[in-house]
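All remarks here apply to the structure that follows.
Every read-out reported here was derived from the displayed coordinates using simple, explicitly stated rules and does not represent laboratory data. Note that the structure is a prediction, hence the values are computed from the model and not measured. No Cβ is skipped: glycine too gets one built from the backbone with ideal geometry, and neighbour counts run over all protein chains shown.
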Amino acid sequence: MVLGVLVLIWGSAFAGLKIAVGGIHPFWVSAIRLWVATITLWLVAAARGEQLPPVTFDRQGVWFAYAMLGLVGFAAPFFMFSTAAKSLPSAVNAICNGASPVFTVVMAHLFLHDEKLTPRRLVGVALGFAGLLVLVGPRLTSGAALEAGALGLAIGAAVFYAASNVMMRKTPQVPSTVGALMMCLTGAIFATVGALVLDGPPPMPPAGPLAVTAVLGIFSSGLGTVGWVWLIQRRGAVFTSMTVYLLPLWALVLGVGLMHERPGWSALAALALILGGVGLTTTVSRKTAQAA
């Protein structure tokens with residue numbers, strides 16, 4: 001049940017993002033979304049009797065580690081996905097996000113001693129990158145520079161998500177809700193400073209896009225993070241990784257059915273290749289599973 005809820009929440013987020021940036025600058029969509037998520041997680045932590053650790057500025061401390069995760073895993077990719085949503089169909093944005101496990105495998109091989117590439121994962125990485133080439137290639141050859149740039153931002157956001165996955169492995173352990181709260185809080189601060197520097201103070205946002213942004217903050221960035229951690233703790237990372245397969249599919253259904261998007265053949269082919277690559281990189285062989 002929790003898996004299905006996560007798919008609905010996160011898969012719908014790309015359609016919501018498309019609506020939000022229609023009335024609010026992408027930078028401020030990111031900042032508002034993260035502040036709403038911060039408030040949501042603060043309430044959840046308070047209800048569970050959990051408190052934030054004392055604030056320190058030590059580079060070896062827990063706050064510095066989670067601030068870096070807030071920048072790399074929240075503020076930066078939210079900026080990039082929000083900006084890309086101005087030019088890309090929501091389904092294409094979701095397909096780019098679906099490539100993040102492929103990037104995670106590559107970075108884990110480089111920086112983690114116990115997560116090395118296997119022949120199976122190497123094939124999966126190759127399939128994933130082939131999917132990205134199929135997605136980006138037609139935009140580059142057609143001269144659609146604006147859309148190609150938006151694709152670059154969306155793929156870059158997936159790279160940042162992958163980096164945060166690897167960074168999390170080396171981050172000091174705190175209760176899951178507290179960790180999520182620290183990431184959203186510091187991410188919100190980074191996003192707000194960036195929005196002020198790059199765009200200036202925002203005008204009063206329209207009610208509709210503002211409401212959609214608030215919903216994204218509550219469910220996708222706030223409660224969705226709690227549900228993700230809950231599912232990993234009880235069912236494991238392999239089972240939870242099924243969300244990666246289903247998110248682009250659900251986003252595609254919403255984009256076509258509700259927003260009348262018409263992804264071309266390259267988007268559909270890229271979706272198939274990326275999902276195949278994710279399948280090979282995130283699942284383990286029967287022999288490995290039995291050994292575990």
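List of remarks:
- Two-site FRET efficiency, Met1 against His113, from Cβ-Cβ distance with R₀ of 35 Å, rounded to 0.05: 0.45
- By the rule of a C-alpha distance below 13 Å, with chain neighbours fewer than 8 residues away ignored, the aspartates and glutamates paired with Lys18 are Glu261.
- Set of aspartates and glutamates near Lys116 by C-alpha distance (under 12 Å), chain-local residues within fewer than 8 positions excluded: none
- The share of alpha-carbon pairs in the chain lying farther apart than 33 Å comes to 20%.
- For the peptides 26-33, 4-11, residues were scored by their other Cβ atoms within 10 Å and the scores averaged per peptide; the highest-first order is 26-33, 4-11.
- Estimated vicinal HN-Hα couplings, Hz - segment 163-178 in sequence order (Karplus 6.51, -1.76, 1.60; Gly, Pro = x): 4, 5, 4, 6, 4, 4, 5, 10, 8, x, 7, 9, x, 4, 5, 5
- Panel order for His113, His25, by other beta carbons found within 10 Å of each beta carbon, from fewest to most: His113, His25.
- Percentage relative contact order, the chain, counting C-alpha pairs under 8 Å, at least six apart: 41
- Straight-line cross-link reach from Lys170 at under 15 Å between alpha-carbon atoms covers these aspartates and glutamates, not counting any fewer than eight positions away in the same chain: Asp114, Glu115.
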